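Q: One structure follows; several queries about it will come next.
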Amino acid sequence: MGPAAGRDRDDSGRPRSTRPRDALGRPLPYGSDGVARIPDDLELSPAETLAYAQELLDRGQAFSAHEVLEAAWKNGPEQERALWQGLAQLAVGITHVQRGNLIGAATLLRRASARLSGVAQPAPYGVDVAGLVTYAETLADDVDENDVITERLHIQLTAAIRQTATREVYRNDWLTLREDDIVRPDGSTGVYAVVDKPTYALVIPYDPEQDRFHLVEQFRYPLGLRRWEFPQGTAPEQQHLDPTALAHRELREETGLRAESMQRLGQLDVAAGMSSQRGWVFLATGLTEGEHEREHEEQDMHSAWFSRSELDRMIRDGEITDAQSLAALTFLLLRESRIQR
C-alpha cells in the first residue's frame with residue numbers, strides 16, 4: 001500500500017506525517033517539493049528554540065515556528081508551559097492570518113494574549129511578553145476590522161532591551177510610574193523609568209454634510225494653557241473595555257454626541273520614549289446631539305463645531321497643538337485620499 005493510502009508512522013509505530021507541506025503548513029501531494037519539516041522529536045535549549053522560531057518567523061513560516069515552540073511547550077518544565085504555549089498559539093494565530101482564516105486567527109491571537117498575560121515578568125530568556133501581548137491584541141483587532149498588512153506579521157520574540165527587575169515608584173488612579181533594571185544588547189546594564197497608563201480612545205466627530213468637526217477645549221494643567229483638541233480619554237476602572245465601546249463612551253461624556261458609525265482609523269503611541277500608553281483613533285459619523293456626561297475633573301470643558309477651513313487655521317495659528325489630535329488628522333487625510341483615488 002502506498003504512502004497516500006497508509007498511515008505515516010515512525011520506527012516505533014507511532015503515527016506521524018511525512019507528507020510535504022508548503023510554507024504555510026498546508027499539505028501538498030506526495031512527491032512535491034515542500035519546506036523542510038520540523039522533526040517530531042525536536043529537543044533544543046530555550047535559547048536555541050527562540051532563535052530557530054525567530055528565524056522561521058522572519059522567513060514567513062509561522063506554522064513551522066509554531067511546531068518548534070510547541071516542542072518546547074511539551075518538553076519544557078511545568079513552570080514554563082504557559083510561556084511556550086502562548087508563543088505557539090501566537091504563531092498559529094499568525095498562520096491563520098497568512099492563510100486568510102480571519103475568524104480562526106482572531107480566536108488564536110486572543111487566546112495567545114490571555115495565556116501570555118499570565119506569565120510572570122520579567123519573563124525568562126528575554127521573551128518580550130508585554131510587547132507580544134500588546135501585539136496579539138492589536139493584530140486580533142486588526143483582523144476583526146479586516147485591516148491587516150503583511151508588515152504587521154513581522155514580530156520579535158525577544159526584547160532588544162531586556163528587563164531583569166522592576167519596582168513600582170508611584171501609583172494613582174490614572175497612572176503608574178515604575179523603574180526597570182535593564183540589560184542592553186551589548187550587555188551593559190541600566191535603569192529605565194516608564195509611565196504606564198491605560199489605552200485611550202480619540203474620536204474625530206465629523207459631519208460630512210457640512211464638512212465640519214466637533215472639538216473640545218479645556219485647561220491643561222501641566223501646560224498652564226487652555227487647548228482645543230478632539231475628544232479623547234481612558235477608562236482606568238475598565239481597562240479591558242473594548243476600544244470601540246471606549247470611543248463611544250468618551251464621545252458621549254465629553255460632547256453629548258451619539259454616533260451611528262464609529263470607524264477605527266489607526267493606532268498611536270503617546271510618548272514611546274517614556275510611556276507604554278497607546279491609543280486608538282476613531283472617525284465618528286451619523287451624529288446626534290445630546291447631554292454630555294462629563295467627569296468632575298472636566299467641569300471647565302466646553303465643545304464646539306468648526307469648519308474644515310477653521311480647523312486648518314487653528315492648526316496654523318497654534319490654537320491646536322495637541323500631538324494626538326494632529327496625528328489623528330493624518331489618519332483621516334490618508335483615508336480621504338484613498339477614497340478619492
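Q: Hey, how many Å between the Cα centroid of region 101-163 and the Cα centroid of region 214-291?
A: Each part reduced to its Cα centre gives a spacing of 24 Å.
Q: Okay, next question. Measure nothing but the geometry: give the 0 to 90° angle between the long axis through the Cα atoms of 81-99 and the longest principal axis through the Cα atoms of the chain, rounded to 10°.
A: 80 degrees
Q: Among VAL68, GLY187, GLN79, which residue has its Cα positioned farthest towards the positive end of the charge dipole of the chain, with +1 placed on the Cβ of Lys and Arg, -1 on the Cβ of Asp and Glu, and the dipole taken about the Cα centre?
A: So the residue we want is VAL68.
Q: Please identify, among GLU67, GLU237, GLU151, the residue showing maximal mean-square fluctuation in a Gaussian network model of the chain using a 10 angstrom Cα cutoff.
A: Answer for the Gaussian network model of the chain: GLU151.
Q: Could you pull out every residue, at least 5 positions away or on a different chain, whose amide H is within less than 5 Å of the one on GLY34? Hs are placed 1.01 Å off N in the peptide plane, and Pro or chain starts have none.
A: Answer set, sorted by chain and number: ARG21.
Q: If I model a spin label at SER275 and GLU237 as a point 7 Å from the Cα along the Cα→Cβ vector, what separation in nanometres do I get?
A: 2.2 nm
Q: Can you tell me the order of 115-125, 283-293, 23-33 when each peptide is scored by its average per-residue count of other Cβ atoms within 10 angstrom, highest first?
A: The packing order, highest mean first, is 115-125, 283-293, 23-33.
Q: Rank these residues by their accessible area, most exposed first, probe 1.4 Å: LYS74, LYS197.
A: LYS74, LYS197
Q: Whole-Hz ³J(HN,Hα) for each residue in region 127-143, computed from phi via Karplus 6.51 cos²θ - 1.76 cosθ + 1.60 with θ = phi - 60°, x for glycine and proline: what do you get?
A: The phi angles translate into 5, 7, 4, 4, x, 6, 4, 4, 4, 4, 5, 5, 5, 4, 5, 4, 4 Hz.
Q: When the accessible area of the chain is split by element with a 1.4 Å probe, what percent falls to carbon and sulfur?
A: So the carbon and sulfur contribution to the accessible surface is 49 percent.
Q: For region 110-126, in order, what is each residue's ³J(HN,Hα) by Karplus, 6.51 cos²θ - 1.76 cosθ + 1.60 with θ = phi - 60°, in whole Hz (x at glycine and Pro)?
A: 6, 5, 5, 4, 5, 5, 5, 4, x, 7, 5, 10, x, 6, x, 6, x
Q: Still on this model: Can you give the % of DSSP beta bridges in the chain that are antiparallel, to the nearest 5?
A: Looking only at bridges with both residues in the chain, the antiparallel portion is about 85 percent.
Q: Against the longest alpha carbon principal axis of the chain, how many degrees, from 0 to 90 and to the nearest 10, is the axis of helix 243-255 turned?
A: Helix 243-255 sits roughly 10 degrees off the main axis of the chain.
Q: Let me ask you something else. With Rg and Dmax of the Cα atoms in Å defined as stated, name the option among [x] 20.0, 66; [y] 24.4, 83; [z] 23.4, 88 computed from the structure displayed.
A: The value computed from this structure is option [y].
Q: While we're looking at this one, here's another question. Ratio of region 46-152's C-alpha Rg to 2.2 N^0.38 Å, to two decimals?
A: So region 46-152 has a normalised radius of gyration of 0.99.
Q: Using a Förster radius of 35 Å, what is the FRET efficiency between THR150 and THR321 based on their Cβ-Cβ separation? Nearest 0.05, please.
A: That gives a FRET efficiency of 0.50.
Q: Compute the relative contact order of region 46-152 as a whole-number percentage, counting only Cα pairs closer than 8 Å that sit 6 or more residues apart in sequence.
A: Values: 134 pairs, mean separation 22.4, N = 107.
In percent, rounded to a whole number, it is 21.
Q: Less than 19 Å from a label point 7 Å out along the Cα-to-Cβ axis of TRP305: which backbone N atoms in region 234-262 qualify, by residue?
A: From region 234-262, the list is 251-262.
Q: May I ask you to rank TRP84, TRP73 by accessible area, largest first, using a 1.4 Å probe over the protein chains only?
A: Of TRP84, TRP73, the descending order of accessible area is TRP73, TRP84.
Q: If you count only protein heavy atoms with a 1.4 Å probe, what accessible area per residue comes out for the chain, rounded to a whole Å²?
A: Numbers: 18530 Å² over 341 residues.
Heavy-atom accessible area per residue stands at 54 Å².
Q: Using alpha carbon coordinates only, what is the Rg to Rh ratio of region 200-340, with Rh defined as the Kirkwood radius?
A: Taking Rh as the inverse mean 1/r over Cα pairs, Rg/Rh reads 0.93.
Q: Under a plain spin-label model, where a point goes 7 Å from the Cα along Cα-to-Cβ, how far apart in nm are ARG171 and GLU289?
A: 4.4 nm
Q: In degrees between 0 and 90, to the nearest 10, how far off the longest principal axis of the chain does helix 62-75 point, with axes built from Cα atoms?
A: 70 degrees
Q: Taking only DSSP H segments of four or more residues, each worth -39500 (n - 2.57), what value at 222 nm results for the chain once the sum is divided by all its residues, to the nearest 500 deg cm²/dmol? It would help to have the intermediate numbers written out before the result.
A: Working: 8 runs with 118 residues, N = 341.
Value at 222 nm, helices only: -11500 deg cm²/dmol.
The values are calculated or read from the model by the stated rules, or taken from the named source; none is laboratory data. The structure presented is a predicted model; accordingly, all values stated were derived computationally and were not measured. Methodologically, a virtual Cβ is constructed for each residue, glycine included, from the backbone with ideal geometry; neighbour enumeration extends over all protein chains shown. SASA here: full protein model, heavy atoms, side chains in, ligands and nucleic acids out. Shrake-Rupley method; radii C 1.70, N 1.55, O 1.52, S 1.80 Å.
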